[in-house]
Amino acid sequence: MNIYDEFHGKIPVSQIGKRLREITKVEKGAYKIITGYGSTSARASSKFAALSSLRKMEQEGLIAGYLPGEVRNEAIKSNSAYFDFKLKYESQISKDSDYGNDGVIFIFMK
């Protein structure tokens, strides 16, 4: 699985959606991005921007789904946005050392 780390403060938050779309054009399976985490830093902004862009991309049919790493340790309710994605993709990433890391987001291609 390819890893992209430029989302951890290397590109402006305003360019995150554009970069995700570029990556999605070349990826075939699943990939992961490393973002910031927390609530007050600029790096946390990168995570929120990535999640917002991924939500739009999934709604547009550009990707099949996405999962932030921290959902591993959360009890996900059926009304959660991640419920179906976790059921569908967790088996693919369950042994990945980054699954559980709240600075990582897994993206699944169609």
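The numbered conditions (1) surrounded by 15 or more Cβ atoms within 10 Å (Cβ to Cβ); (2) within 18 Å of Lys110 (Cβ to Cβ) are all true for Lys47 except (2).
Tell me, please, whether a residue that is among the small types (Gly, Ala, Ser) and at pLDDT 90 or above can be found in segment 37-44. No - not one qualifying residue is present in segment 37-44. For segment 1-30, residues that are closer than 13 Å to Leu62 by Cβ and surrounded by 13 or more Cβ atoms within 10 Å (Cβ to Cβ) total 6.
Those residues that are within 20 Å of Asp5 (Cα to Cα) and of a type in the set (Asp, Glu), I need them from segment 66-110; list them, please. Residues satisfying the conditions are Glu70, Asp96, Asp98, Asp102.
The residues of segment 9-32 that are farther than 24 Å from Glu90 by Cβ and of a type outside the set (D, E, K, R), listed by number, are Gly9, Ile11, Pro12, Val13, Ser14, Gln15, Ile16, Gly17, Val26. Mind listing whichever residues of segment 74-93 are without any contact (Cβ under 8 Å) to a residue 12 or more places away in the chain and either under 16 Å from Leu54 (Cα atoms) or under 15 Å from the mean Cα position of the chain (by Cα) (or both)? Result: Ser80, Phe83.
If you filter segment 56-74 down to residues that are assigned to a loop (DSSP other than H, G, I, E, B) and in contact with a helix residue (DSSP H, G or I) (Cβ under 8 Å, 6 or more places away or on another chain), you find that the one that is surrounded by the most Cβ atoms within 10 Å (Cβ to Cβ) is Ile63.
Total residues in segment 4-29 satisfying the condition of being at pLDDT below 95 and assigned to a strand (DSSP E or B): the figure is 0.
The values are calculated or read from the model by the stated rules, or taken from the named source; none is laboratory data. Since this is a predicted model, take the numbers as computed values, not measurements. Every residue, glycine among them, receives a Cβ derived from its backbone with ideal geometry; neighbour counts consider all protein chains shown.
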